[in-house]
Each structure stands twice: as C-alpha cells, then as structure tokens.
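The structure appears right after this line, and notes come after that.
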Amino acid sequence: MSGAPAAKRVFAILPAAGRGERFAPGAAAPKQYAGLAGRTMLEWSLAALLDEPRIACTVVVVAADDARWPPLAAALGGPRLDTAIGGASRQVSVANGLARLAGRAAPDDWVLVHDAARPCLSGREIRDLLDALDRCDASGAAAGGAVLAAPIVDTVKREGAAGRIDTVDRTGLWRALTPQVFGYAGLVRALAEAAAAGVTVTDEAQAMERIGIHAALVPGSPFNIKVTRAEDLETAARIIGNREGTRMRIGQGFDAHRFGDGDHVVLGGLRLDHDRSIVAHSDGDVVIHALCDAILGALGAGDIGQHFPDSDPRYRGADSRVFLREVAALARAAGLVVVNADITVLAEAPRIAKHRAAMAANLAADLGIDPGVVNVKATTTERMGFIGRAEGLAALASVLLDQARSST
C-alpha cells in the first residue's frame, strides 16, 4: 500500500522592479515605495504574504539599482524572505523570481504571484485561494491553479471606430486580481514559451492559458485595488485604515510658569514685549510646552519633562520650537499626524489677539500641517487666582492625531 502523497508546498513571488511611470511621472521613488498609512506600499503588499504560515518563502523581485530594498529587507528579516533581480517587464521579473526558487520548489509545488501595487490584499483572500486548491487536491480533481477575481458589476462599454460606443454583455465577466497561483513547473514553462514566441502576457493566467491550463476563479474582495494613479493611494489609505481600525488619538496638555524680572515673553514661538519675563529652564513658551504635552499624551509617550528634562543643561534657554519639531517627528514615526490643534492662553497680559495668526503659522510649520487647523486663542481668569494677580501665565492645548495620509 503506497503512502499518502507529500503535501504540496506554497511559495510566493512579489514583482517590485517597475518604476510606475503612470503613477507619478518623474517621481524620485518608484511607486512601490510611496508612503501609505505609515509604511511603504511595498510593505503593505508584502504583509499578508508574510503573515500566511503556509507560504514557505516569498521572493521579492526588485530592480538591480534599488537601494531602498536592502535596508527594508533587513528590517523585515527572516528565512521566509528572499530577493531576486527583476527585468524590463513584469513577465521577466516573475520568471526571474521562479529561477530564484529553482532547487527549492518541487515541480508540483504551488507558486503564488502577487502585485506590489495591490497593498490592500487581505489574509482572508490568500486563505480562500489556498483552500480552493486544497479542496481540489482532497477530491482528486485536477487543479490547474486559482486566480482571485471580482465579478464586473458596472455596465461595460466598448469604444469602436469613429468613437462609436457599444454596450458589452457583462455576463460571466470578471476582473482579474492578484494573487494568482499555479504549479511551479507549469508556470516556468508557460512564461518561457510566451517569451520564446515574443508574446507579452498581462498576467500569469494568460500565460498558462496559452499552454492549455486554466485556473479556477476564486471570488476576491473589491477592496483589493491596484494603485495605478497617485490619487489611488488615498483610496488605499482609507481601505487600510478601515481594516486596521481607527488610529485616531486625542491628547491634552497644560503648562504654567510664573513671571520674573525681564522685558519679554515667548509665546507660540514669538518674542512679545512685556514688563515681565518667564522664569523657566528653557524659553518658557507655555503654548508650545502645552502643545508638546498634548501630542505626547495622544501618542502615549509620557510628557515633555521626560523628553526634555530641566536637569539637562542642553535645554537651558532652549528654543521650544526645537521641542515641537522633535515631538512632531515622534508622531510621524508612529504613522500619525496632527489633524487639528486648539490652544488657549490663560493670561491677563500680554494681549495676543494681533499675534494669533503668526503663532498658528509657527506651530503649523513645525508640525508640518496647514495653519488653518491650528487655533490659538486667549482668555483671562477675571482677576482670580495667580493668573488674575498677574503672577504668571498658562496654556491649555488639545490635539487630534490620525493616521498619516499617503504621500508620493
């Protein structure tokens, strides 16, 4: 009695050697390295593959001169990640990825090919693809492969000669997505034969169809979009944000200082003439100190005293705008930006009405946001308390942080 056949292994290839000229012509970086929800698009496209335990190894295929990938690969690390050098087309890059797997993948092992421009792939879709193949293996049915696809639900038009428009019957029409998964040996053969014939295929399924192997359609998510234009990043960011859950954070901050001898105060990065000065280790800018504390609170990163202690001589007389820029960098590193900030100055004097716009501009510049989302206002305490007695002044700040928007 013969033993059960060995389970087929699964490998993955992620071609990422293109420049994406339609995305942002002349951009400094290829589109796969565009910022998206706190990571690069490439990292998001790779994430679901690395999270799937059934994938033995993922080969990322990059351009020969790609200087961005090595440090990213080192950070991701692990024995389940490998690299190959791509070619002039996606078709060549996939073939190079397959060559990288030579000696590791058996002829009938599965190879899953994804797209670096599809960052919204879910783990559920990968599981559905692999489960469909497992069901075929278990039933003894021949499985040529499987392709994620979404049925076309819009009315489809075809433009003919002289601009004539005709309606196409959409019955049975699907949009091909990725990943697509086929047997290793079959895919190697299909791409080699297409190349020998001088045929350019738009996906792996088309190459397989040329040699008579047809895949099963596995319904995929309509949110598994391909980022082609720069504006598609905004859609991808919303999809990822909804899937990952909201990252909105609220923080509040407060700071107060007493007056001492002097002739000016610093508020919101502005030096304002006054008959007293602030007693403080740094420049005593209560506006910025309160704002820093609000942002640090929203990040869950302690307070300004932990990051810039008054026991440190480096901060003696320091410009508080330096503090704000460093705190803003912490937020960006966490994939968050300030959506809006509201600051209230509590003082009998000096009056700040005519300086509010300049303060907001300073704060916005340091945070890297629009001045229109920074509000600075003031109030008194009706002569009550230490502020009412003109012994000092204070500031309150509230901020909302959210997931960083995509950038190119």
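Where a number appears in this text, it was derived from the coordinates with a stated rule and is not lab data. Fair warning: this is a prediction, and the values are worked out from it, not measured in the lab. Glycine gets a Cβ as well: all are built from the backbone with ideal geometry, and neighbour counts include every protein chain shown.
P(r) tail, the chain: Cα-Cα pairs separated by more than 38 Å, 41% of all pairs.
Measuring r between the beta carbons of R258 and D370 and using R0 = 41 Å, the FRET efficiency lands at 0.75.
Just round it to a whole percent: the fraction of Cα-Cα distances in the range 10-244 exceeding 25 Å. The calculated P(r) of the range 10-244 puts 42 percent of pairs beyond 25 Å. How far is helix 41-51 tilted, in degrees, relative to the longest principal axis of the Cα atoms in the chain, given as a value from 0 to 90 rounded to the nearest 10? Once rounded, one gets 60 degrees.
Please report the antiparallel percentage of DSSP beta bridges with both residues in the chain, rounded to the nearest 5. Could the numbers behind the result be given before it?
Details: 43 of 69 bridges.
Taking every DSSP beta bridge with both residues in the chain, the antiparallel ones total about 60 percent.
In degrees from 0 to 90, rounded to the nearest 10, what is the angle of the helix 184-196 Cα long axis to the longest principal axis of the chain? Tilt of helix 184-196: around 80 degrees. Under the convention that each Lys and Arg Cβ holds +1 and each Asp and Glu Cβ holds -1, the size of the dipole of the range 10-244 around its Cα centre is about 320 debye. Counted over all Cα-Cα pairs of the range 232-309, pairs farther apart than 21 Å make up 47 percent.
Rg/Rh for the range 83-192 (Cα atoms only, Rh after Kirkwood) is 1.06.
Note on the chain: helix-only mean residue ellipticity at 222 nm, from DSSP H runs of 4+ residues weighted -39500 (n - 2.57) and normalised by residue number, equals -9500 deg cm²/dmol.
For the chain, what does the relative contact order come out to in percent, with C-alpha contacts under 8 Å and a separation of six or more? Don't skip to the answer; put the middle values down first.
Numbers: 821 pairs, mean separation 66.8, N = 408.
Result for the chain is 16 percent.
Using per-residue counts of other Cβ atoms within 10 Å, averaged over each peptide, order 247-253, 348-354 from highest down.
Descending mean neighbour count gives 247-253, 348-354.
Sorting 278-289, 356-367 by their mean Cβ neighbour count within 10 Å, with the most densely packed peptide first, gives 278-289, 356-367. Can you give me the relative contact order of the range 10-244 as a percent, contacts being Cα pairs under 8 Å and 6 or more apart? Normalised by residue count, the contact order of the range 10-244 is 24 percent. Remark: the K354-V339 segment gains 3.0 nm on full extension, using 0.36 nm per residue and subtracting the alpha carbon distance. Its Cα centre serving as origin, the chain has a Cβ charge dipole (Lys and Arg +1, Asp and Glu -1) of approximately 680 debye.
Taking the charge dipole of the range 249-403 about its Cα centre, with +1 at Lys and Arg Cβ atoms and -1 at Asp and Glu Cβ atoms, the residue from G385, A256, L363 reaching farthest to the positive side is L363. Picking from A237, A395, L101, whose Cα lies most toward the positive end of the charge dipole for the chain (charges on Cβ: Lys, Arg +1; Asp, Glu -1)? Farthest along the dipole direction, towards plus: L101. Once the Cα atoms are used to define both axes, helix 286-299 deviates from the longest principal axis of the chain by about 30 degrees.
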